[in-house]
Amino acid sequence: MRGLVSSIQPGGTMRTVQSLMHKFDWKHFAVTLLLIGPAVIPAIAQEDMHDPTESLQGKPQASLLPRPLGAIARQDVDEKGMAALIHGMVNCGTRLSISSWTDPKRGIGCGRDHVLARLRQFAADSGSKLQVIVDKYTAESERTGGGPAAMENVYAILPGSDPKLVKTLFIVSGHMDSLSSRWTDPVPDAPGADDDASGTAVSVECARLLSKIAADGKSPFRATILFTAVSGEEQGLLGSQHLLEWTKQQGYTVGGMLDDDIVGADLAPGGPHRVRLFSGNGEVDDCDSPSRELARTIEEIDGRSAIRMIFRVDRYGRGGDHYYFYKAGLPAVRFTEPLEHYAHEHQTPRMEDGVEYGDLEKYLSFPFIGDVAWDNAEALRQLAMAPAPPTEVLLKGAVTPDAKISWSAGDDPERAGFEILWRETTDPHWQVYDFVPNAGETTLKGVSTDNHFFAVRAVGKNGARSIAVPTVPAARSALPVKKQ
Ligand SMILES: [Zn+2]
């Protein structure tokens, strides 16, 4: 993918050299150089750059498996097909969740029909490996017009090929409903091109790209992938709340949930045009949430030039369909365009004081939406190929010179082993400390428990990595593990 990540950024190296120049005792250095010769220069620099108790010299030099072959090519993303779906959805006039589910020309039912038609085509193309279902339910909130309202979610399921992981679910989701300036009124137009026909188109395009891979011979996807278009988002995240319940009823464990909401426009001038990826902190001290670990995994797969990680659960004061998954302790993140334009969201189309309001197709950027679909699809591809993450990942060794990390994992003949990860407490990115073939306990010689955070992830023989599981203190192992 774009911008493969190197463990040391060029900018960081420059800054380190500059700070050494300031700190260095040049007079003493000149004398030393005369006495012992220039061979000492690297050793002095090395000692000055790293805390002596955690020197990189002591770090094992593990050889690491390359990432899985067969990455999705950018030119395989069908921007025209995504544009056609968005156009069809916008032409439904409004897709308010409490508009008509039965009128084929206007209302949310019209939007659902466009999504279904496209997914059913992909299902047929995949030889029925992709399975499409409509999940009907009722839901109520203060925005459903005074009582329970009929709702529908569309699901396309690509079952995993590995019996061990077929009940692990990776979800990509957009919401097909839209909103005008009048939140419970189905009369005004609510085109919802960006919010969220764009995210729906990303989810549907992922279904096309990944079901095509699964249809060609033996599916590489060990876990199950679910492509969803939910309703009721604008009425209070009703569709995604229902989706979370549905995953429990079906006996799935959610391995990751990728919410795409407002991913259609890229109006901000300049900049690298990275999609924002929001993830919440979690509630455990010194240990990031599974959502944060999912965000890191996606950034590592897609590259830092594609993904801008934002360390907050959502835009300030706002919410989205990943929220209830995140609150349930599951890995759930939100993709959103680089900078939103509020005159284009939740507005009845109109001109007012020379300003055009409305969430219209003309503001969309299809090269950008195509990039977001690519980012989602490649992340899902690698996640669904990966072994299960390790469990019971504990840190021991407080008040001793060495950190000790232990973890458990079920049998898995497709797993090559585990990567021990570490990072400075202020560094947002993991680095690989070592590779270990088997679960159990490993000692990080001369590494203090205090100055880094640690994690473990599983690595498949195919090179796919699970999300990282950060350590918790061994004393905390009695804490209930959050499960859905
Ligand atoms: Zn939205």
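The values are calculated or read from the model by the stated rules, or taken from the named source; none is laboratory data. None of these values were measured; they are calculated from a predicted model. Note that we place each Cβ from the backbone using ideal geometry, even for glycine, and neighbour counts take in every protein chain shown. All accessible areas refer to the heavy atoms of the entire protein, side chains included, with ligands and DNA or RNA removed. Shrake-Rupley method; radii C 1.70, N 1.55, O 1.52, S 1.80 Å.
Would you mind telling me the share, in percent, of accessible area of region 322-418 contributed by carbon and sulfur at probe 1.4 angstrom? For region 322-418, the apolar C and S fraction of the accessible surface comes to 56 percent. So what is log10(I(q)/I(0)) for region 241-363 at q = 0.10, 0.15 1/Å, when the Debye sum runs over its Cα atoms only? After summing over all Cα pairs, the log10 values are -0.38, -0.76. Just to verify a number: FRET efficiency for Arg318 and Ala474, C-beta to C-beta distance, R0 = 30 Å, to 0.05? That gives a FRET efficiency of 0.20. Projecting the Cα positions of Ala332, Ala214, Ala343 onto the charge dipole of the chain (unit charges on Cβ atoms of Lys, Arg, Asp and Glu, taken about the Cα centre) puts Ala214 furthest along the positive direction. Does anyone have the angle between helix 26-36 and the longest principal axis of the chain? Alpha-carbon axes, 0 to 90°, nearest 10? For helix 26-36, the angle is close to 60 degrees.
In this simple spin-label approximation, Asp135 and Ala84 carry label points 7 Å from Cα along the Cα→Cβ vector, and these lie 2.8 nm apart. For the chain, the antiparallel share of DSSP beta bridges with both residues in that region comes to about 65%. Tell me the mean residue ellipticity at 222 nm calculated for the chain from its helices only (DSSP H runs of n ≥ 4, each -39500 (n - 2.57), averaged over every residue, nearest 500). Calculated from helices alone, the mean residue ellipticity at 222 nm is -8500 deg cm²/dmol.
Could you grab the relative contact order for the chain? Cα pairs under 8 Å, six or more apart, rounded to a whole percent. It comes to 16 percent, rounded to a whole number. Can you list the residues of region 370-386 with backbone N under 17 Å from a point 7 Å past the Cα of Lys461, pointing along Cα to Cβ? Taking a point 7 Å out along Cα→Cβ of Lys461, the residues of region 370-386 whose backbone N falls under 17 Å are 385-386. Can you tell me the 0 to 90 degree angle between the C-alpha axis of helix 290-302 and the longest principal axis of the chain, rounded to 10? Helix 290-302 sits at roughly 80 degrees to that axis. When you restrict to C-alpha pairs under 8 Å that are six or more residues apart and normalise by the size of region 188-340, the relative contact order lands at 29 percent.
Measuring from each cysteine beta-carbon in the chain, the ones with no other cysteine beta-carbon under 4.7 angstrom are Cys206, Cys287.
Axis of helix 79-90 versus longest Cα principal axis of the chain: the two differ by about 50°, to the nearest ten degrees.
For region 118-160, the share of accessible area belonging to carbon and sulfur comes to 45 percent (1.4 Å probe, ligands and nucleic acids excluded).
Taking one quarter of the surface of the convex hull spanned by the alpha-carbon atoms of the chain gives a direction-averaged projected area of 26.7 nm².
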